[in-house]
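Worksheet: the structure to be examined is printed underneath.
The values are calculated or read from the model by the stated rules, or taken from the named source; none is laboratory data. The structure displayed is predicted, hence computed values, not measured ones. Because the Cβ atoms are built from the backbone with ideal geometry, glycine has one as well, and the counts that use them run over all protein chains shown.
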Amino acid sequence: MKVLILNSFHTGSHANWANGLLKHLPEFWDGQLTCWTLPGKHWKWRMHGSGGYFAHQARSVDWIPDLIITTDMTDVASFRGLLPFHWRTIPIVQYFHENQLTFPWSPNDAELKTGRNRTYEFMNIQSAIAADEIWFNSAYHRDEFIRAAETFLKAMPDHIEAYNPQRIHANSRVVPLGIRDMPIPLRRTALTIPPVILWNHRWEYDKGPDAFLRLLDLLSRSEQDFQLILCGEQFHSMPDAFQRIREAYGKCIVHSGFAQDRAQYHDLLKQSDLIIHQPLQEYFGLSVAEAMSHGVIPLLQRDQAYPEWVPDEFLFENNSEFLRKWHRAKEHTSALSMKAYRSAQPYFWSNVAPQIILECQRAGVQSR
């Protein structure tokens, strides 16, 4: 079986996903995997133009895949329409890492101010309809997308039958993301003094840096000392919260900046005690799962995708519950660290890859 992976925004978690498929699926399968990518920048142009680019690529090869898997950054409708004739019956799966219907747009984005953001929202709906199957990284993400599509379509004046969200739901599967297998971490008998708090998400608005700063302020007011490791991918502009964190807690920062490579990244995770996250959107939480695989104890907002796979003892709804669980992490470090590790284990590539292979085989046969 020949599988073609299209990744039109090849950076960050999207690149980790594509590279993980290429590396780990062959460990369990003799299928042939090929990946075509575009650089991870100009995301709006990628949504508009990557379909045409990949269709053009298809005209230049002398083989035909049995299955195509593309991310949500490619418009399947335009891609399929521009494909050479002999490619148009190939089943296409679209994998939704995120979606533009429920993604929290930055209030500074010019598209939001003009209403053009709805172009990308409708593009996601039309693309999902054009795909043979839609894979979501969590059930929460699938359900949020369907609800948002139903709301969006109410604004259309008539003839919406072709975009029925229930058709999308019927063609949907929940297919998890994979993270690197990790050995059982060294047993943590106590937190570092003072504890090391990790930020390993993108330095962007939707990941909730303002909420992160508020929780740091809460800990400071509560006379709780801490250190900070700030890593994760950065872009040409970043939210003001990071500058305020540096100004207020510069003496607490033991690392700041994108890790040089994956080895340094995992070393930073090993040095961390807790990961605190209260994002505006989280459709799965890959960076949190990676931290937990090292035994880092999570303190997460009880919201979005986290209740689907993170034990409730790591979740909070308000400041008082957050502080209680902060103190509990200090009192029961060993048990909670091991529970964090075990909660991440189902998402190790050794467990996820066989699931994805079965989904590929089923989709390649069933969609024809």
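Counting only residues that are of a type in the set (S, T, N, Q), under 17 Å from the mean Cα position of the chain (by Cα) and part of a loop (DSSP other than H, G, I, E, B), segment 238-293 holds 3 of them.
A162 meets the conditions (1) in a loop (DSSP other than H, G, I, E, B); (2) not assigned by TED's automatic domain parsing to the domain that holds R244 in every case but one. The failed one is (1).
Each row is one residue, and each column tells you yes or no for (1) of a type in the set (S, T, Y); (2) in contact (Cβ under 8 Å) with a residue 40 or more places away in the chain; (3) under 19 Å from R187 (Cβ atoms).
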| position | (1), (2), (3) |
| --- | --- |
| A259 | no, no, no |
| F284 | no, yes, no |
| L300 | no, no, no |
| N319 | no, yes, no |
| T333 | yes, yes, yes |
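Looking only at segment 184-199, decide whether some residue is touching a residue at least 60 places away in the same chain (Cβ under 8 Å) and in contact with a Cys (Cβ under 6 Å, 6 or more places away or on another chain). No. So which residues in segment 148-178 are in contact (Cβ under 8 Å) with a residue 12 or more places away in the chain and charged (D, E, K, R), if there are any at all? Matches in segment 148-178: E150, R167, R173.
If you go through segment 316-334 and pick out every residue that is of a type outside the set (K, R) and surrounded by 17 or more Cβ atoms within 10 Å (Cβ to Cβ), you end up with 6. Are any residues in segment 94-140 under 17 Å from F284 (Cβ atoms) and aliphatic (A, V, I, L, M), and if so, which ones? Residues satisfying the conditions are L101, I134, A139.
Conditions tested, residue by residue: (1) under 22 Å from L323 (Cβ atoms); (2) in contact with a Phe, Trp or Tyr (Cβ under 7 Å, 6 or more places away or on another chain); (3) assigned by TED's automatic domain parsing to the domain that holds S337.
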| position | (1), (2), (3) |
| --- | --- |
| W203 | no, yes, yes |
| S256 | no, no, yes |
| A263 | no, no, yes |
| L268 | no, no, yes |
| P279 | yes, no, yes |
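For segment 156-194, the candidate set comprises residues that are under 25 Å from the mean Cα position of the chain (by Cα) and of a type in the set (A, V, I, L, M, F, W, C); within that set, the residue that is farthest from V93 (Cα to Cα) is I184. Being within 22 Å of N137 (Cβ to Cβ) and surrounded by fewer than 22 Cβ atoms within 10 Å (Cβ to Cβ) is the requirement here; does W63 meet it? No, not satisfied.
Quick check, is R180 exposed (fewer than 15 other Cβ atoms within 10 Å of the Cβ), among the basic types (K, R) and in contact with a helix residue (DSSP H, G or I) (Cβ under 8 Å, 6 or more places away or on another chain)? Criteria not met by R180. Of the conditions (1) touching a residue at least 60 places away in the same chain (Cβ under 8 Å); (2) under 22 Å from D210 (Cα atoms); (3) aromatic (F, W, Y), Y265 clears all except one; give me its number. It is condition (2) that Y265 fails.
I'd like to check something: does segment 1-19 contain any residue that is surrounded by fewer than 17 Cβ atoms within 10 Å (Cβ to Cβ) and over 18 Å from the mean Cα position of the chain (by Cα)? There is at least one residue in segment 1-19 that is surrounded by fewer than 17 Cβ atoms within 10 Å (Cβ to Cβ) and over 18 Å from the mean Cα position of the chain (by Cα).
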